[in-house]
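Trainee: Below is one structure. I have some questions about it.
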C-alpha cells in the first residue's frame, strides 16, 4: 500500500474490522486510508462492488480532489518514408500516426475493456446527462457559464487545465442524482430530477455555493 511517494507499507490484521491509517508530513495530515479486513474466503471484487454500491451516494457527494499535473513521456518511432502511411490493427497491437508530429508513429497493445456494473451504469447515464445538457435552454447556459467561471476560480489554480462547463454540469447532475436516489440511466428533460427546475435548485440540492449569482439568475429554468 502506497501512502506517499517512495514509501510502501505492509500490514497484517487478525480481526475482521475496519482500520484507518493516517500519514503525516511536517505535522500535517498528508494522506489517509481506510482499510476493511474481509474473511479470506470472500471474493475481493464482490466485496468491493458491494461496498461501492452501498457508498455510491456518499462518494458522489465528496468534492473533487486536486491532482497536480503529471508529466507524460510519449514514446514513438520515426519509420522510413514507405512505412509512414501504414496504420492498422494486428494481433500484437495497434499502429497509428501522430496527429501533431510529422512522420512520428506510435504502437500500443490492443486490449478488452471489462466494465463493472458501476462502470456500465456510468457510461449509459453519462450519455443521458449529456443529452440533457444539449437540450438545456440558452439562457440557462449563459448563467451557467458565469457560475462555472466563478466556481473554477474559487476551487482551482489559474494555471490548471480548465474544467469545461459540461463537465461541471455532469458532476452536479450525478451528485444530485445520488442524493435524490434518482436512476440516471433513464434521465431526460421529460424525466428529470425531482424538485429541480431552476439553476438555483440544482446548486442547493448539491449543497454548493452560489458564488454571487443573483436571485433572478438562480430562478432561470434549466429547460424551456
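Trainee: Just to be sure I follow: if Rg is taken over the C-alpha atoms of region 117-218 and Rh is the Kirkwood radius over the same atoms, what is Rg/Rh?
Mentor: Rg/Rh for region 117-218 comes to 0.96.
Trainee: Output the peptides 23-35, 118-130, 170-182 sorted from most to least packed, where packing is the average of other Cβ atoms within 10 Å over each peptide's residues. Before the final figure, lay out each step's value.
Mentor: Values: 23-35: 10.0, 118-130: 14.8, 170-182: 18.6.
Listed from highest to lowest mean packing, they are 170-182, 118-130, 23-35.
Trainee: Still on this model: For the peptides 208-218, 143-153, what is the packing order when you average, over each peptide's residues, the other Cβ atoms within 10 Å and list the highest mean first?
Mentor: Details: 208-218: 13.9, 143-153: 17.3.
Those peptides, ordered most packed to least, come out 143-153, 208-218.
The numbers here are math on the coordinates, done by the rules we state, and not lab data. Keep in mind the model is a prediction, meaning the values are calculated, not measured. When we count neighbours, we look across all protein chains shown, and the Cβ atoms used for this are built from the backbone with ideal geometry, even at glycine.
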